[in-house]
Amino acid sequence: MKIARLTSFVLAAAAAVVLQAAAAQAAMKTQWIDYKQGSTVLSGYFVYDDALQGRRPGVLMIHDRSGFSEGTLADAQMIAKLGYAVFAEDIFGKGVVPKSVPEMTDLIAIYNNDRPLMRARALAGFDVLKAQPMVDPTKLASVGYCFGGTVGIELIETGAPLLGFVSVHGAFQKFSREAAKNIKGHVLILHGAEDPVAPMEELNDVVSQFRAAKVDFEVNLYSGAGHGFTHPQNPSEVRADEEYKVSMTRFLKDNLAP
């Protein structure tokens, strides 16, 4: 009996070691997915934790003006680690990564001045996300950074079936005042109070549109923080960078319940 018990113990210990090794090997899986919007070839970044089983909620991430920079990829992985399948969609086109601020400014101006094109690009990536076999198409949300905040609002104002949208230091110009009535999900705006790109007057205008349309929204305003506080330049922006992640995590959990 002692030998049998010892054998059982050894087998159980070995099994535990195997399980721990498997868990250690489980990692974030990444994949570039090519797709099209019209005749334009696009390529988005798909990331998920392969330690999770079955379908999970999906998050469409919309990049800032830098396109697929290292920061964009890091943000996608950060959100995926919360338990979501994340597709960082491509607005600019496959291989188009601006190298300087003037180039970024010129590039986003194309889409800011052509809102039908902006919406079409956003919807193309949304279709890719919800088509992934591991994604629960009934539990979808979006997160947009900077320029992606503008794109994200254009997306939800199409009536796309998103349960939630998070704008992180986004901008809020040129929206159709009547389009807010098409928003189906909840909206969270995370914004720097000293943002010169999207000043308080601009934020107040989009809030008035949401109020008139009875949109379920929330605004977190960070004192002392300017635009792009996710790359903090002062103590107030360090705090904003920390707090936005807490708010975004809570919002996604409340709306998607992974």
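Does anyone have the angle between helix 101-112 and the longest principal axis of the chain? Alpha-carbon axes, 0 to 90°, nearest 10?
Helix 101-112 sits roughly 80 degrees off the main axis of the chain.
Which whole-Hz couplings ³J(HN,Hα) result when phi for each residue of segment 223-234 is put into the Karplus expression 6.51 cos²θ - 1.76 cosθ + 1.60, θ = phi - 60°, listed in order with x for Gly and Pro?
5, x, 9, x, 6, x, 5, 6, 10, x, 10, 7
Between segment 181-236 and segment 61-83, what is the separation of their alpha carbon centroids in Å?
Computed from Cα coordinates, the inter-centre distance equals 20 Å.
On C-alpha positions alone, give me the angle between the axis of helix 235-256 and the longest principal axis of the chain, in degrees, nearest 10.
70
Heavy atoms of the protein only, probe of 1.4 Å, neighbouring chains included. What is the accessible area of Arg177 in Å², nearest 10?
Surface accessible to solvent at Arg177 totals approximately 130 Å².
Suppose a student asked you for the relative contact order of segment 173-258, using Cα pairs under 8 Å spaced at least 6 residues apart; what percent would you report? If you can, show how the numbers build up before the last one.
Values: 97 pairs, mean separation 26.4, N = 86.
Across segment 173-258, relative contact order equals 31 percent.
Under the rule of at least 5 residues apart or a separate chain, name every residue whose amide H is placed under 5 Å from the amide H of Val41.
Placed amide hydrogens put Lys94 under 5 Å from Val41.
Counting only protein heavy atoms and a 1.4 Å probe, tell me what percentage of the chain's accessible area is made up of carbon and sulfur.
Numbers: 7010 of 12260 Å².
Result for the chain: 57 percent of the exposed heavy-atom area is carbon or sulfur.
Could you check how many percent of all C-alpha pairs in segment 114-258 are farther apart than 19 Å?
Summing the P(r) of segment 114-258 above 19 Å gives 50 percent of all pairs.
Would you look at the GNM of the chain, springs on alpha carbons closer than 10 Å, and say which of Val168, Val143, Val207 moves the most?
Most flexible of the set in this elastic network: Val207.
GNM, the chain, Cα, under 10 Å: largest mean-square fluctuation among Pro133, Pro232, Pro161?
Pro133
Cα-based Rg of the chain per 2.2 N^0.38 Å, rounded to two decimals?
Details: Rg = 20.8 Å, N = 258, 2.2 N^0.38 = 18.1 Å.
With N residues counted in the chain, Rg over 2.2 N^0.38 Å equals 1.14.
Could you provide, to the nearest whole Å², the per residue accessible area of segment 74-140 with probe 1.4 Å?
43
Cross-link candidates for Lys253: which lysines have Cα within less than 21 Å, leaving aside residues fewer than 8 places away along the same chain?
Those lysines meeting the cut-off are Lys81, Lys130, Lys139, Lys184, Lys245.
Quick check on the chain: helices-only [θ] at 222 nm, where DSSP H runs of length 4 and up contribute -39,500 (n - 2.57) each and the sum goes over total residues. Nearest 500, please.
Mean residue ellipticity at 222 nm (helix-derived): -14000 deg cm²/dmol.
Going through segment 141-225, which GluC sites (Glu not before Pro) have at most 12 other Cβ atoms within 10 Å and a DSSP loop state?
For GluC sites (Glu not before Pro) across segment 141-225 that sit outside H, G, I, E and B with at most 12 neighbouring Cβ atoms in 10 Å, the list reads Glu178.
Once the dipole of the chain is set up with Lys and Arg at +1 and Asp and Glu at -1 on Cβ about the Cα centre, which of Phe165, Leu190, His231 lies farthest towards its positive end?
Phe165
So for the chain, taking the charge dipole from beta-carbon charges (+1 Lys/Arg, -1 Asp/Glu), which of Tyr48, Phe87, Gly148 sits furthest toward the positive end?
Tyr48
In the full protein assembly as shown, how much of Val101 is accessible to a 1.4 Å probe, in Å² to the nearest 10?
So the heavy atoms of Val101 present about 80 Å² to solvent.
Taking a probe of 1.4 Å, how large is the accessible area per residue of segment 152-192, in Å²?
On a per-residue basis, 32 Å².
Rounding to the nearest 10 and keeping the result within 0 to 90°, find how far the Cα-based axis of helix 200-212 lies from the longest principal axis of the chain.
80
The values are calculated or read from the model by the stated rules, or taken from the named source; none is laboratory data. As the structure is a prediction and not an experimental result, all values here were calculated from the model. Note that each Cβ is placed from the backbone with ideal geometry, even for glycine, and that neighbours are counted across all protein chains shown. Note: accessible area is taken over every heavy atom of the protein model, side chains too, but ligands, DNA and RNA are not part of it. Shrake-Rupley method; radii C 1.70, N 1.55, O 1.52, S 1.80 Å.
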